[in-house]
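The structure under discussion appears below in the form of structure tokens.
The values are calculated or read from the model by the stated rules, or taken from the named source; none is laboratory data. Every value quoted in this text rests on a predicted model; they were computed, and no experiment measured them. Cβ atoms come from the backbone with ideal geometry, glycine included; neighbour counts cover every protein chain shown. Surface accessibility is based on the protein's heavy atoms, side chains included, excluding ligands, DNA and RNA. Shrake-Rupley method; radii C 1.70, N 1.55, O 1.52, S 1.80 Å.
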Amino acid sequence: WAKQAGIDGFLVSWKSTPALDDRPARLIEVADDERFQLGIVYEGLDFERRPLPIATVRHDLERFADTFAGDRAFSIFDRPIVIWSGTWRYTNAQIASATRNVRGRLLVLASAKNVDDYTRVAPLVDGNAYYGSSVNPRRYPNYGRKLKALSAAVHARGGLWIAPAAPGFDARRVGGS
């Protein structure tokens, strides 16, 4: 259905757990069969929104680079893309520790929510992917300026910028307004 709609790739969430680790392999198989592209959104926060131990993040990023990154499904760019969700909860030393062994093999993007946070982590990552899927522009009229400022900060450093998009989001069916 995605291909019929003109979509040729997805960013997919991944949190490495024993119950979830077989799913990327199955998804990659389907993507390869369909000549579909994938990028990873690495879930760096636990289910209570606390940062995972940095040793876990480092292990998971290295495991992804060693196990999955060579597959053609991840060839959107010159290196597979991994968006590290939750970078704002980590120190620069932690981010450097987790990315040191994978930056040459992966494009690691931060998930900074503002220019100051992106500026803080910019030397340690290859860009930024801000996720704000359900912002109502009427309620937050400065949202567009925020995205433009983030984009400018990322591009000024030669980074890859992935902006949020959620066309047609309507929270009324899930209790929202």
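Kindly check whether there is at least one residue in the stretch 26-34 that is surrounded by fewer than 17 Cβ atoms within 10 Å (Cβ to Cβ), on the phi < 0 side of the Ramachandran plot and under 18 Å from the mean Cα position of the chain (by Cα). No - not one qualifying residue is present in the stretch 26-34. If only residues of the stretch 126-161 that are of a type in the set (Gly, Ala, Ser) and at pLDDT below 95 are counted, the one that is nearest to VAL108 (Cα to Cα) is GLY132. Residues in the stretch 1-19 that are open to solvent by less than 50 Å² (accessible area, probe 1.4 Å) and either closer than 22 Å to PHE47 by Cβ or of a type in the set (D, E, K, R) (or both): VAL12, TRP14, LYS15, SER16, THR17.
Evaluated against (1) in a helix (DSSP H, G or I); (2) without any contact (Cβ under 8 Å) to a residue 40 or more places away in the chain, ASP78 falls short on exactly one condition, (1).
Set side by side, the residues LEU150, LEU106 differ, and just one is open to solvent by less than 20 Å² (accessible area, probe 1.4 Å), touching a Lys or Arg at 6+ places or on another chain (Cβ under 8 Å) and not small (Gly, Ala, Ser), which is LEU106.
Assess whether SER177 counts as being among the polar types (S, T, N, Q) and either at pLDDT below 95 or assigned to a loop (DSSP other than H, G, I, E, B) (or both). Yes: the conditions hold for SER177.
With respect to the conditions (1) within 18 Å of the chain's Cα centre (by Cα); (2) surrounded by 15 or more Cβ atoms within 10 Å (Cβ to Cβ), TYR143 falls short on a single one, namely (1).
Restrict the check to the stretch 88-96 and report whether at least one residue is more than 16 Å from ALA129 (Cβ to Cβ), touching a residue at least 12 places away in the same chain (Cβ under 8 Å) and of a type in the set (Ser, Thr, Tyr). Looking through the stretch 88-96, none of the residues is more than 16 Å from ALA129 (Cβ to Cβ), touching a residue at least 12 places away in the same chain (Cβ under 8 Å) and of a type in the set (Ser, Thr, Tyr). Taken over the stretch 74-83, residues that are hydrophobic (A, V, I, L, M, F, W, C) and either farther than 22 Å from PRO164 by Cβ or surrounded by fewer than 23 Cβ atoms within 10 Å (Cβ to Cβ) (or both) amount to 2.
The residues listed here are LEU38, LEU20, LEU11; of these, the one that is outside any loop (DSSP other than H, G, I, E, B) and modelled with pLDDT under 95 is LEU11. Hey, does the stretch 63-75 have a residue that's among the charged types (D, E, K, R), under 16 Å from the mean Cα position of the chain (by Cα) and part of a helix (DSSP H, G or I)? Among the residues of the stretch 63-75, not one is among the charged types (D, E, K, R), under 16 Å from the mean Cα position of the chain (by Cα) and part of a helix (DSSP H, G or I), which makes the answer no.
Taking the criterion of being open to solvent by less than 10 Å² (accessible area, probe 1.4 Å) and within 27 Å of GLY6 (Cα to Cα), the residues of the stretch 41-73 that qualify are TYR42, ALA73. VAL82 fulfils the conditions (1) out of contact with any Gly (no Cβ under 8 Å at 6 or more places or on another chain); (2) closer than 18 Å to ALA129 by Cβ except for a single criterion, (1). Against the test of being of a type in the set (Gly, Ala, Ser) and under 25 Å from ALA122 (Cβ atoms), the options ALA69, ALA5 yield a single qualifying residue, ALA69.
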